[in-house]
Amino acid sequence: MFTGLIEDIGIVKNIFSSQIEIGTSLKEIKKGDSIAVNGVCLTAAIVKANSFVADYSPYTNKNTALSKLVINSRVNLERALQFSSRLGGHIVSGHVDGTVQIRDIKKIDNFYQVLFNCKENFLNFMITKCSVAIDGVSLTVSKVYDFGFEVFIIPETFVSTIFSLKKNNDEANIEIDILSKYVKKFINERSGSISIEMLKGNGFI
């Protein structure tokens with residue numbers, strides 16, 4: 001479990017057939033630790049002085065933007081949440097739902113407006129002010145369009161993550177807020193039986 005608050009920008013040192021080695025300044029990584037790499041939950045299989053090696057499956061390679069990484073690519077890194085820590089961001093599982101495409105990045109005052117193109121099945125979960133994880137970064141949707149959605153990124157987040165390296169048409173991993181998934185499933189299962197009484201009875205209002 002993660003929060004979407006990035007701890008370090010790592011660098012890809014090696015890519016093997018089903019493994020990736022990432023250099024990092026993060027300390028106290030142990031074998032078996034979960035680490036989100038651009039939002040994808042991976043397990044440290046080998047730990048070295050300033051890097052770790054993780055395995056990734058063909059499914060992960062096919063359904064995330066990890067397949068776009070090359071030697072020297074920069075990646076967002078976050079270690080798994082400790083429940084003794086403050087919970088900033090939002091609850092992120094590291095189970096990426098797919099990829100989106102950056103449509104436009106524009107600086108407005110000190111902030112960065114980023115527009116994303118995304119598939120209709122992702123848009124079905126989007127509402128204004130909902131949470132979304134993009135390449136592992138916890139963000140808030142500011143507006144939803146027919147082609148995708150918009151976020152505004154504060155300067156600290158922009159310069160402390162790989163967003164500062166992104167450009168138009170780049171792909172990024174997306175994880176839909178887990179609460180949105182549960183609500184959509186609940187509504188689909190109760191289709192035709194939604195009423196004020198039902199919503200009250202299930203704690204929605």
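Bear in mind these aren't lab numbers, they're just calculated from the coordinates by the rules spelled out. Since we're looking at a predicted model, the values are computed, not measured. As a convention, Cβ positions derive from the backbone with ideal geometry for all residues, glycine included, and neighbour counts pool all protein chains shown.
Brief remarks follow.
- For region 1-99, GluC sites (Glu not before Pro) meeting the loop criterion (DSSP other than H, G, I, E, B) and having at most 13 other Cβ atoms within 10 Å: E28.
- FRET efficiency, K31 to E171 (Cβ-Cβ, R0 45 Å, nearest 0.05): 0.90
- Calculated [222 nm] ellipticity per residue, helices only, for the chain: -4000 deg cm²/dmol; basis is -39500 (n - 2.57) per DSSP H run with n ≥ 4, divided by all residues, nearest 500.
- Under the Karplus curve 6.51 cos²θ - 1.76 cosθ + 1.60, θ = phi - 60°, whole-Hz ³J(HN,Hα) for region 108-119, x wherever Gly or Pro sits: 10, 6, 9, 9, 10, 8, 10, 9, 10, 8, 8, 6
- Rg [Å, one decimal], Dmax [Å, integer] - region 64-132, C-alpha atoms: 15.0, 38
- Taking 20 °C and 1.002 mPa s as conditions, region 9-81 diffuses translationally at an estimated 179 µm²/s according to Stokes-Einstein applied to its Kirkwood radius (Cα pairs).
- In this structure, the residue pairs whose Cα-Cα separation is over 29 Å, taken from K62/K185; K30/K119; K143/K185; K48/K106, are K30/K119; K48/K106.
- When the chymotrypsin sites (Phe, Trp or Tyr not before Pro) in region 1-78 are filtered for DSSP coil states and for at most 13 other beta-carbon atoms within 10 Å of their beta-carbon, the remaining sites are F16.
- The Cα-based radius of gyration and maximum Cα-Cα distance (Dmax) for the chain are 18.0, 59 Å.
- Angle in degrees between helix 178-189 and the longest Cα principal axis of the chain, rounded to the nearest 10: 40
- As a length-normalised measure over Cα pairs under 8 Å and 6 or more apart, the relative contact order of the chain settles at 23 percent.
- Charged side chains reduced to their Cβ positions (Lys and Arg at +1, Asp and Glu at -1) give the chain a dipole of some 100 debye around its Cα centre.
- Percentage relative contact order, region 98-184, counting C-alpha pairs under 8 Å, at least six apart: 37
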